[in-house]
Structures are given as structure tokens and as C-alpha cells.
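Only one structure is covered here, and it is reproduced in the block below.
The values are calculated or read from the model by the stated rules, or taken from the named source; none is laboratory data. Model, not experiment: these values are computed from the prediction. Backbone-built Cβ (ideal geometry, glycine too); neighbour counts: all protein chains shown.
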Amino acid sequence: MRPLTNDWDWAYHGPLLWTAIGQTLQMVLVTLVIGGLLGLGYGLALYATRRGGLYAAGGVYAVLSFVVNLIRPIPFIIFITAARPLTIAVTGTSLGVRAAIFPMVIVTIMATARLVEQNLVAADPGVIEAARAMGASRFNALIHVLVPEALGPLILGYAFLFVGVLDMSAMAGAIGAGGLGYFAISYGYDRYNDVVTWVAVGVIIVMVQIAQHLGNTLARRVLHR
Amino acid sequence: MTVEPIITFRGVTKIFATGKDQLRAVDDVDLDVRRGEIFGVVGYSGAGKSTLVRLINMLERVDAGTIDVDGRRVTDLDERGLRALRADIGMIFQQFNLFGGRTVARNVEYPLRLAKVPKAQRRARVAELLEFVGLSDKARRYPAQLSGGQKQRVGIARALATSPNILLADEATSALDPETTRDVLNLLRRINRELGVTIVLITHEMSVVQYVCHRVAVMERGKVVEHGDVYTVFANPRETATRRFIQTALNYRPSPEIVARVRERHPGRLVVASLADTGAGLDVSALTSGLDASASVVFGGVTQVADRPFGSLTLEVAGAPADVDEVVARLGRVAGAVVDLGTAANPLPDVRWVEPRDSEDEVATR
Ligand SMILES: Nc1ncnc2c1ncn2[C@@H]1O[C@H](COP(=O)(O)OP(=O)(O)OP(=O)(O)O)[C@@H](O)[C@H]1O
Ligand SMILES: [Mg+2]
């Protein structure tokens, strides 16, 4: 055991930090990809089944929307524990990175779904009208016209989502998933070593900046305005 | 000349349910659009013009009645049939509705992709279309980098990609300045003449009708209140709505306020003559020849409608009373319709004047 001092020791903390960064990236990226894609689908379903939508179905929309509203307000730290039986059923474990990713994906789907729905509603319905007038199927108009048209804002939305997912991954540290959150709490807070906490915070800030920068760059490339 | 209709409406009604109320956006319309013509649809905002035209390619479904397009009963088509129909009907829009994330060329290519045209043919067709609308050099630009007129040209190229027989234009020039409007209208004329495309053109500007349309329908509260040959409708408007439209488009007839001002300088007998079907125009000197009277034009104008002279002239006639009467009588024989406004001392009302709509019941034109 190291003495409880306020310092940063590369030999000791360095490898721990690298592992933590790796775990965080794994959790965040896997969650963003799976949750983001499923959330895109969910969001498309929300958009399409809205009143006046391409596949308007009030009942379906009500159910889909209700589920989102049900899960979103639950604080993640509580959700992660409440969902444990389901997590075990799906991933076979309640500990570690894999177990953390499952509830993270669920919450990310819900957040992405609303984000996608909002961005599609805000997109110009004129393009759907034009595509339909040219003989496009509803599906084609949705996937090949509306989604590409809304791509810029969607990318920015995903960059925004990154922060939320990072936040969740830190909390997931609490159930032994590791990552930067776990690193900051166990080696910083618990041992009165503020320097370690600050380093973890610094790394998180850098990650967020990079993600936002990537998002902005990509969005600019697809926007053409 | 009787030409077979390409679009036929019979008893067509479209109802929108807005809350508890039901709105008859299109109300029991019978109408024929002839093959190869440019057919105008005019009316104030909310009259049902867009709805009527969107029924043609079934962007809206009818609640009653039938529509036949090019031999197909479109009101019976299912979703699959509709998609085939729509490939044969081009449509352009007031806000252009271009795909902002695609280049000009890819916008024009989209309907060809939908029609599963092979890539090489798509390329050739896109190049041909851009050439036709004069935008070959803009193929790789994005819509946001184009002017309004250029955007509408892209819209037109895209609408023509699959070589439709019919082009629907919903206020296609309403977002453009007058000069650009003229360019786009000229392009539509060319499409009509060179490609034989039947065009149904919605507008709220009578000047657009005057410039490009062969026939016109006037809509009011979901009904087609008047329709026919553009010149006939302009020359003999039967409905108040139509008269008002023409009056605002061609403000050659003096309003009562203008008449009052004209009288200050011209106290003599004022006569308003409509110039329609006057053949060689109005020979003013013939009006007074051999008479002890003079006639001078104090207000008005003459323009071309459907390539024929059309307008209104207000004349002051002065001289010996009997000769003045004779001038007015001669005028009545050569002009379309003559209204005697009397003299400053003995004024008469303009019986053909139509009051403009109250600004209150006028729905804003966005
Ligand atoms: N989807 C809809 N749902 C409910 N009401 C509608 C809908 N579309 C049109 N309407 C109503 O139907 C009437 C006719 O509308 P329409 O758009 O055809 O008018 P318009 O003559 O094209 O007017 P504008 O010159 O403003 O374009 C209007 O009162 C409008 O509010
Ligand atoms: Mg309209």
C-alpha cells in the first residue's frame, strides 16, 4: 500500500491510467455505436409513427414514446442497479465492462431516439414531399432523403451524446467496470490524492474536446452551407 | 379545336378535418386539362389551389369523385401504382425542395436512381438536363451555393429527369424576383413547346397567367368558379373574384379615387373603354373624325395577354354635346366594353369597378 499522499507517480499511476483510459474508451465507443444505431432506428420509428407521419400510427407512437419517457428520467446510478437482473440475463454477468455496457446501451438508445426524432421533425418536410412526388417509397424518402438531409445536426447530436455516455461510464465504475471514473474515485478520492482526480478530470476534458471537434468537423463536411 | 384531356376531374372533393370542423379544401370540382397546354390555377391564399394540384399526383387522396390522368384512374391506384404514376408527373415547388446535402447533379440524378436507370445512362441524362436548363457549369455545386432562379432550374431539371408528360408547378416563381420569374417562365414555355409537356401552374399572380398560360381556372373556397381560355377570361370575367384578380394584375382601370383626381384636370366627359378583341387596336383619330369633338387619353394602358392586345383606356371627350355622344357611341362599337363616367359636374359611377378585398379577410400569403 502506498502512503496517502497528494502526488502523481508515473511508475505507479501511469499504467493504471492507461488501463482506465482503455476501459473508458471501450465502454463509450461500444455504447455509442450499438446504442447510437439502435437509437437511430428507434428515433426513425418515433418520427415515422407520429401523427401526420409517413407511417402514422398513434398507438405505436404512444407506446414507443412512453417507454422513452419511462426510462430517461431514472438516474443512471439507480438504473444500473435496478436493471441488474436483466443485465445478468443478457450478458451473463453483473460485473465489469460488459455488464456496464448493457444498461448504458439501453439509456443511450432512449436518448438517441429523442435526439433523432427532434432532428427529423426539424428537418424540411419539403424534401420528403419532393421525393414522394418523384415516386419514392415512404421508406426510401425516409432513409435516403430525410436522414441524409438531417445528417449534420444528427452528427452534432451524437457528439453531444458523447458527454452523456462518458458520464455514464464514470458511474459504471461504481459496479466495478473500471475506467476513468473508477480510477478517479479509487486512487484519487478514496486516498485523499486530489492530483490523481485532477489528472482523470483533465483526461476526460481532453476526450470531450476531441469528440466535439470531430463532431463539428464532420458536421461541417456534410452540411455544405 | 377539340383536344383530348390529359387530366380529368369529376366531382372531386377533398375534405380536411381540423379538430371538429371539416374544411372542404376542394369542393365538387369538374375540370379538364388538355394535352399539351399550360393550364393556370389562380385564387387567393387558402382557395384550395395546392390541394387541387396535389390530388393529381395523389399527394393527397380524394374524399369523393374521380381523377383520370393520361388514361389512368389515379383515384383507384394503390401505393405501388401511385409510385409509377408519380414517375410520369414532374413537380416543382415554391421553396424548390432541393436536397441540400447533394450536389446539383446528384439532385437531378435522384429520380433516375428511383427509376433504376443504369449508371452510364443516368450520367448522360443528368448532363443533358443540366444543359437544357443552362446549368452545366453548376453540376458539382450544392443548392446553398445557388441563386433562387438557379435553384428552381435545378428543381425543373430534376422534375423532368424521367421525361414526364405532365409538370405540376406550385407557385414555382413566387419566391423569385420579377426578372428571374420571367426567365423561369420562359423556360417553362420552352418545356411546353419543345418537349410537349402539359403544365399545370399554380400562381396568385395574374401576370404569370397572362404571360404563359393558355387556359386558366379561378378558384375560390375550394370551388372552380370560372375557367376557360385565358383571353376570354381576361376579356369577359364573369366572377367578382376573377375581375378583382385582373384588376389588380393590370391596374389600367382607374379606381374611384384616381377618377376623382383625374377630374380635377379633366372636367369633361370621362369614358373607360376595355380593349379586348379590338383586332388592330384602337384607332383614336377615327373616333372624332368629322365631329366637333376631341378625345384624349387620360389614364390606362395596353398590354399583351395570350399574345393579343388587352387593356383599358380612359378618355376625356369634350366638344359639342351631340358630337360627344357620337364619340362615345363610336367607342362603344370598337371597344370591348365601355363605361360612361359622366362629367365632373354630372359624375356617374364605374359599374364595372370591383372593390379590392378587405385586408381583414385576406389570408396572408405567407
Ligand atoms: N394537410 C392539411 N390539413 C388541414 N387543412 C389543410 C391541409 N392542407 C391544406 N389545408 C387547408 O385547406 C385549404 C386550402 O389549402 P391550399 O393549400 O390548397 O390553399 P392554396 O390555394 O394553395 O393557398 P396558398 O395560396 O396559400 O398556397 C386551406 O384552408 C388550408 O388551411
Ligand atoms: Mg398553395
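A compact table of results
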{"item": "Only listed residue being surrounded by 15 or more Cβ atoms within 10 Å (Cβ to Cβ) and assigned by TED's automatic domain parsing to the domain that holds B:SER45, chosen from B:GLN121, B:GLN145, B:GLN152", "result": "B:GLN152"}
{"item": "The range B:156-180, subset among the polar types (S, T, N, Q) and more than 16 Å from ligand 1 (Cβ to nearest atom), residue farthest from B:VAL126 (Cα to Cα)", "result": "B:THR180"}
{"item": "Lone qualifier among B:ARG153, B:ARG193 - being more than 16 Å from ligand 1 (Cβ to nearest atom) and touching a helix residue (DSSP H, G or I) at 6+ places or on another chain (Cβ under 9 Å)", "result": "B:ARG153"}
{"item": "Residue ranges of helices (runs of 4 or more DSSP H) in the range B:220-332 with at least 3 members over 30 Å from B:LEU23 (Cβ atoms)", "result": "B:230-235, B:256-265, B:284-288"}
{"item": "Within the range B:69-89, considering residues that are in contact (Cβ under 8 Å) with a residue 60 or more places away in the chain and facing chain A (nearest Cβ under 8 Å), the one nearest to ligand 1 (Cβ to nearest atom)", "result": "B:ILE89"}
{"item": "Which numbered condition B:GLN150 fails, given (1) more than 25 Å from B:ARG83 (Cβ to Cβ); (2) part of a loop (DSSP other than H, G, I, E, B)", "result": "(2)"}
{"item": "Residue in the range B:28-37 that is loosely packed, with under 14 Cβ neighbours inside 10 Å and either in contact (Cβ under 8 Å) with a residue 12 or more places away in the chain or basic (Lys, Arg) (or both) present", "result": "yes"}
{"item": "The lone exception for B:THR103 - which of (1) closer than 18 Å to A:ASP124 by Cβ; (2) facing chain A (nearest Cβ under 8 Å); (3) modelled with pLDDT of 95 or more it fails", "result": "(2)"}
{"item": "Test result for A:VAL33, modelled with pLDDT of 90 or more, part of a helix (DSSP H, G or I) and farther than 30 Å from B:ASP170 by Cβ", "result": "yes"}
{"item": "Which numbered condition B:ALA161 misses (of (1) in contact with a strand residue (DSSP E or B) (Cβ under 9 Å, 6 or more places away or on another chain); (2) closer than 22 Å to B:ARG34 by Cα)", "result": "(2)"}
{"item": "Qualifying residue in the range B:82-90 (condition: surrounded by fewer than 21 Cβ atoms within 10 Å (Cβ to Cβ) and touching a Pro at 6+ places or on another chain (Cβ under 6 Å))", "result": "yes"}
{"item": "Matching helices (runs of 4 or more DSSP H) fully within the range A:66-134 where at least 1 residues are within 14 Å of chain B (Cβ to nearest Cβ) and among the small types (Gly, Ala, Ser)", "result": "A:96-122, A:125-133"}
{"item": "The range B:175-201 - residue that is away from chain A (no Cβ under 14 Å) and touching a residue at least 60 places away in the same chain (Cβ under 8 Å) and, of those, farthest from ligand 2 (Cβ to nearest atom)", "result": "B:GLY196"}
